[in-house]
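The values are calculated or read from the model by the stated rules, or taken from the named source; none is laboratory data. Note that the structure is a prediction, hence the values are computed from the model and not measured. We place every Cβ from the backbone using ideal geometry, glycine too, and count neighbours over all the protein chains shown. Only protein heavy atoms, including side chains, enter the accessible area calculation; ligands, DNA and RNA are left aside. Shrake-Rupley method; radii C 1.70, N 1.55, O 1.52, S 1.80 Å.
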Amino acid sequence: MSRVNLLGLRPSELEDLAVELGGSRYRGRQVATWIYRKGVLDLDVMSDLPKEFRASLRERGEIALPETERVTPSQDGSQKLVFRLEDGSRVSAVLMPDDDRLTLCLSTQVGCGFACAFCLTGTMGLTRNLTAAEIVGQLVSANRLCAEGRRVTHIVFMGMGEPLANYAALVTSLRIMTDGRLGLGYSPRRITVSTVGIVSGIERFGREGLGVNLAISLHAASDDVRSRLMPVNRSWSLETLLAAVRRYPLANRQRVFFEYVLLDGVNDSAEDARRLARLLRGIRAKVTLIPFNGWEGAEFRRPPLAKILQFQSTLLGAGVTTTVRWSKGEDIGAACGQLREPIPA
Ligand code: SAH
């Protein structure tokens, strides 16, 4: 039997494992507390666990973080973290400080299979899903890089890969992150999961009752344009997608986020903005405009600033809350849509 990485087990699964090893559920809770509450990954340090229990735990499992291979600082204060996984593949995460916030953007897959035309990660294709331990491991590693007394405050699933295409590991990692008693204790409202628009996944995800924020990568206001930019739109049209979003359970004052990458001459006209406002009618929405971040070989350009601001003001005029995301880490290949490992030469 291969050894299990305890870092990817939910507290209740750690309890089950403890019982399996002849201990009590309480032993499992102790392990969860050490790992997730105290950040201790060394079984030898878990002093309140009996020696024999620790020995059988070591036989069955390990507590392994992905190796932090590289940390690259950007001029804007963000940092790109590159992790080398056990099989040698690499994923990245980005740490972004902003006032008293520290946001971590993390990955869910090695590469991505959705092939959005404007996204560099999409050119990699999909290698494999990350395990829950590898997803949680990015967060635990990032927290260990933080200065004494600081930790990541907000988490966005917006790195490499499509979270809803790695459903089980996504949900397990979220349960570990949001368990306030024995897990990492993050408020679900500080976590955002972004999807390319997998309708079946959105519906199922809504039923999990996790309470995390949902972000939809929309990027176009007509099926024609969206299907050209995002092959996934050929499976689920805008209408189907927005119908699923309308049914996504929201808490009081919670909103659905929509990301819209602005591509010069492709989806940035005043008509596009008006169409977008119409599409979002009746949805408690917040739109984030992302001016296109370039990469070698891309066929798109970022619109001029005036055009970006015009698009925003058209939406605002139609009553749609809209902000512009000036991506961080562009100088280190860490901005939205620029994540690719290894970096193309
Ligand atoms: N697969 C998920 C998670 C990735 S989130 C999703 O699609 O939502 C990364 C965000 O950056 C997505 O909204 C993506 O569409 C956007 N993006 C991709 N390439 C980009 C680029 N070159 N410039 C700006 N944003 C980009």
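Quick check on segment 61-72. Is at least one of its residues more than 13 Å from the ligand (Cβ to nearest atom) and of a type in the set (S, T, N, Q)?
Yes - at least one qualifying residue is present in segment 61-72.
Could you figure out which of (1) touching a strand residue (DSSP E or B) at 6+ places or on another chain (Cβ under 9 Å); (2) surrounded by 19 or more Cβ atoms within 10 Å (Cβ to Cβ); (3) outside any strand (DSSP E or B) isn't true of Asn233?
Looking at each condition in turn, Asn233 falls short on (1).
Among (1) within 26 Å of Arg10 (Cα to Cα); (2) among the aliphatic types (A, V, I, L, M); (3) in a loop (DSSP other than H, G, I, E, B), there is one condition Ala115 misses while meeting the rest; what is its number?
Only one criterion in (1) within 26 Å of Arg10 (Cα to Cα); (2) among the aliphatic types (A, V, I, L, M); (3) in a loop (DSSP other than H, G, I, E, B) is unmet by Ala115, namely (1).
Thr288 is checked against (1) within 13 Å of the ligand (Cβ to nearest atom); (2) crowded, with 20+ Cβ neighbours inside 10 Å; (3) not charged (D, E, K, R) and fails just one. What number does that condition carry?
(2)
Can you name the residue in segment 212-228 that is within 21 Å of the chain's Cα centre (by Cα) and aliphatic (A, V, I, L, M) and, of all such residues, is surrounded by the most Cβ atoms within 10 Å (Cβ to Cβ)? Write out each step before concluding.
The initial filter retains those residues of segment 212-228 that are within 21 Å of the chain's Cα centre (by Cα), namely 212-219.
Subsequent filtering for residues that are aliphatic (A, V, I, L, M) retains 212, 214-216, 218.
On the way: Val212: 21, Leu214: 22, Ala215: 20, Ile216: 22, Leu218: 27.
Among residues in segment 212-228 that are within 21 Å of the chain's Cα centre (by Cα) and aliphatic (A, V, I, L, M), the one surrounded by the most Cβ atoms within 10 Å (Cβ to Cβ) is Leu218.
Which of the residues belonging to segment 183-206 are among the polar types (S, T, N, Q), open to solvent by less than 10 Å² (accessible area, probe 1.4 Å) and part of a helix (DSSP H, G or I)?
Of everything in segment 183-206, nothing turns out to be among the polar types (S, T, N, Q), open to solvent by less than 10 Å² (accessible area, probe 1.4 Å) and part of a helix (DSSP H, G or I).
Between residues in segment 95-123 that are under 18 Å from Ser327 (Cα atoms) and residues that are part of a loop (DSSP other than H, G, I, E, B) and of a type in the set (Lys, Arg), which pairs lie under 7 Å by C-beta distance while being six or more apart or on different chains?
Correct list of pairs: Met96/Lys328; Leu102/Arg150; Leu120/Arg340; Thr121/Arg340.
Any residue that is within 16 Å of the ligand (Cβ to nearest atom), part of a strand (DSSP E or B) and touching a Leu at 6+ places or on another chain (Cβ under 9 Å) - is there at least one of those in segment 137-147?
No: zero hits.
Considering only helices (runs of 4 or more DSSP H) fully contained in segment 1-79, which possess at least 3 residues that are under 19 Å from Gly137 (Cα atoms) and open to solvent by less than 70 Å² (accessible area, probe 1.4 Å)?
Filter on segment 1-79 gives 11-20.
Table: residues versus (1) in a loop (DSSP other than H, G, I, E, B); (2) surrounded by fewer than 19 Cβ atoms within 10 Å (Cβ to Cβ).
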{"position": "Arg151", "(1), (2)": "yes, yes"}
{"position": "Gly161", "(1), (2)": "yes, no"}
{"position": "Leu164", "(1), (2)": "no, no"}
{"position": "Ala168", "(1), (2)": "no, yes"}
{"position": "Thr172", "(1), (2)": "no, no"}
{"position": "Met177", "(1), (2)": "no, no"}
{"position": "Arg181", "(1), (2)": "yes, yes"}
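Among the residues of segment 260-272, is there at least one that is more than 26 Å from the chain's Cα centre (by Cα) and among the hydroxyl-bearing types (Ser, Thr, Tyr)?
Yes, some residue in segment 260-272 is more than 26 Å from the chain's Cα centre (by Cα) and among the hydroxyl-bearing types (Ser, Thr, Tyr).
Could you list all residues from segment 291-317 that are closer than 14 Å to Tyr260 by Cβ and buried (at least 17 other Cβ atoms within 10 Å of the Cβ)?
Of everything in segment 291-317, those that are closer than 14 Å to Tyr260 by Cβ and buried (at least 17 other Cβ atoms within 10 Å of the Cβ) turn out to be Pro291, Phe292, Asn293, Phe300, Arg302, Pro303, Lys307, Ile308, Phe311, Gln312, Thr314, Leu315.
The conditions are (1) open to solvent by less than 30 Å² (accessible area, probe 1.4 Å); (2) within 15 Å of the ligand (Cβ to nearest atom); (3) touching a Phe, Trp or Tyr at 6+ places or on another chain (Cβ under 7 Å), and Ala273 fails exactly one of them. Which is it?
(2)
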